[in-house]
Amino acid sequence: GGTHDAEIIARSETGAGLISPTSDLTPISYAKLGYPVRKGDKMFLSSDPYGGRLGLASLTETTIAETADLSGNTEKFRLDLLAEPGDFGGALLDRSGNLAGILVSQNNTGRVLPNNVNFAASAAVLADMMASVGLHLGAAQSRRLDDVAMISSAQNMLTPIECWID
């Protein structure tokens, strides 16, 4: 809760970025780095699709449509997901609550893709970006979470962010 200053500390060509608060903040929870995704895997998007009007993060089930983007780049993977504007930046979690990727907005190249075609920066890209600034996520856990534990875990690691540039 509240307003905190932050700075961008790393960016990826995938559209993902890292921000760091300028004051000390302690998260309730954080994700562990997941395994590479496979086509057909079920994932869960933890996001804030309605701009905070629900009070907590939403969890949306989705499927990995391809392990690369449309140009074959494996730094992103394609999802079969109808996304709302507040979904972008949300964490994609596997059945064990591990971070598989971050939903990124599409580049405006003039092409219009079907509404259910969206992309996520892969966990490997996120790990490399974090390592470049000296940060590391813990190793993945393999124990599958039941629905209640998954929802609780997802809601505890997401915080809505609104950015303004001075």
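Read-outs: derived from the displayed coordinates by stated rules, not from any lab. Quick caveat: nothing in here was measured; it's all calculated off a predicted structure. Using ideal geometry, Cβ is built from the backbone for each residue, glycine included, and neighbour counts are taken over all protein chains shown.
Points to keep in mind about this one:
- Scanning the chain for GluC sites (Glu not before Pro) in DSSP loops with at most 11 neighbouring Cβ atoms within 10 Å leaves 14-161 as the longest stretch between them.
- In order along segment 37-48, phi translates into HN-Hα couplings of 7, 10, 4, x, 4, 7, 10, 10, 8, 9, 8, 10 Hz, rounded to whole numbers, per the Karplus curve 6.51 cos²θ - 1.76 cosθ + 1.60 with θ = phi - 60° and x for Gly and Pro.
- Straight Cα distances below 13 angstrom link LYS32 to the aspartates and glutamates ASP94, with same-chain residues fewer than 8 positions distant left out.
- Electrostatic tally near SER20: other residues with Cβ closer than 14 Å to its Cβ, Lys and Arg +1, Asp and Glu -1, net -2.
- If the chain linking LYS32 and ASP5 were pulled fully straight, counting 0.36 nm for each residue of separation and taking away their Cα-Cα distance, it would gain 7.2 nm.
- Only aspartates and glutamates eight or more places from LYS76 in sequence, or on another chain, were considered; those with a Cα closer than 12 Å are GLU13, GLU66.
- Computed over the chain with a Gaussian network model linking Cα atoms closer than 10 Å, the most mobile of GLY55, GLY110, GLY138 is GLY110.
- With helices as the sole contributors, the chain gives -3500 deg cm²/dmol at 222 nm; each DSSP H run of n ≥ 4 counts as -39500 (n - 2.57), and the sum is divided by every residue.
- Cα centre as origin, Lys/Arg/Asp/Glu Cβ charges: segment 78-158 dipole, Debye: 160 debye
- Extension reserve of the LYS42-LEU135 stretch, reckoned as 0.36 nm per residue once the Cα distance is removed: 30.7 nm
- Within the listed set LEU25, LEU70, LEU79, the Gaussian network model of the chain (springs between alpha-carbon atoms below 10 Å) gives the highest mean-square fluctuation for LEU25.
- Selected from ARG111, ARG38, ARG144 as most flexible by GNM, with the chain as the system and alpha-carbon contacts under 10 Å: ARG111
- Between PHE119 and LEU79, VAL104, the built amide H atoms are under 5 Å apart, and every one of these is 5 or more places off in sequence or on another chain.
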